[in-house]
1. For Val88 paired with Asn53, estimate the spin-label separation in nm (one decimal), with each label point 7 Å from Cα along the Cα-to-Cβ line.
2. May I ask you to sort Tyr35, Tyr12 by Cβ crowding, counting other Cβ atoms within 10 Å and putting the fewest first?
Amino acid sequence: MSVTGINEVRPYLTFTLDGELFAVDVAKVREVLDYTVITKVPRTPEYMRGVINLRGSVVPVIDLRLKFGMSRTENGIDTCVIVLEIEVEGETLVLGALADSVQEVFELEPEQVDPAPRFGTRFNTEFLKGMGKRDEKFIMILDIDKVFTSDEIIAVKDNRTENVESNAVLAD
C-alpha cells in the first residue's frame, strides 16, 4: 500500500525521542548541532524551550517530546538540536528541535513506508507521513510542516520577533 506523497526513494534523518525512532526528510534539515545554551523566553508554551543564537540569528527551539505528550527532554551526552526549515503559509521558518540523539541518514523505498495508523477522531496523526520499516523496527516519519498548527507557528514567529526587538533595544 503506497503512502500519498512518498513515491520515490527519499533520504531521511533518523533520531530518537524517549526511546522511539522518528525520521524527517533530509531536505527539511539545515544542520544538526550539539546541545547548547537555550535562552528561555517568558510566556511561551511549555514545548517552546527558548531560543538559541545561530551565527547571529535567533532560532526558536522546540521540545518535540513535550509537543508529542512525552516527558521533557533532558540534556544528555547525545542530546542535540536539529535545525529544520518548516513551510508555513508560503513562508519558511527556521527552528530547532531537541532530540535525544541523532541516529543516521538512510534512504527508504516507497514500499518500505506504510500509511500512518488511524486511531479514530480523538487522536490526530496528520503530522505523520507514514510508518517506515527497517530491520523489523518501525520508524515514525514526520511531516514536519504539519507538526505545529498555524496558530502555534504564528506564536513562535511572534515570540522570535519580540525577542529580536527586545535584544535590539537592550543593545542600544
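1. My value for the distance between the label points is 2.4 nm.
2. Lowest count first: Tyr35, Tyr12.
Each reported figure results from applying straightforward, stated rules to the coordinates on display, with no laboratory input. All values derive from a computational prediction rather than experimental measurement. When we count neighbours, we look across all protein chains shown, and the Cβ atoms used for this are built from the backbone with ideal geometry, even at glycine.
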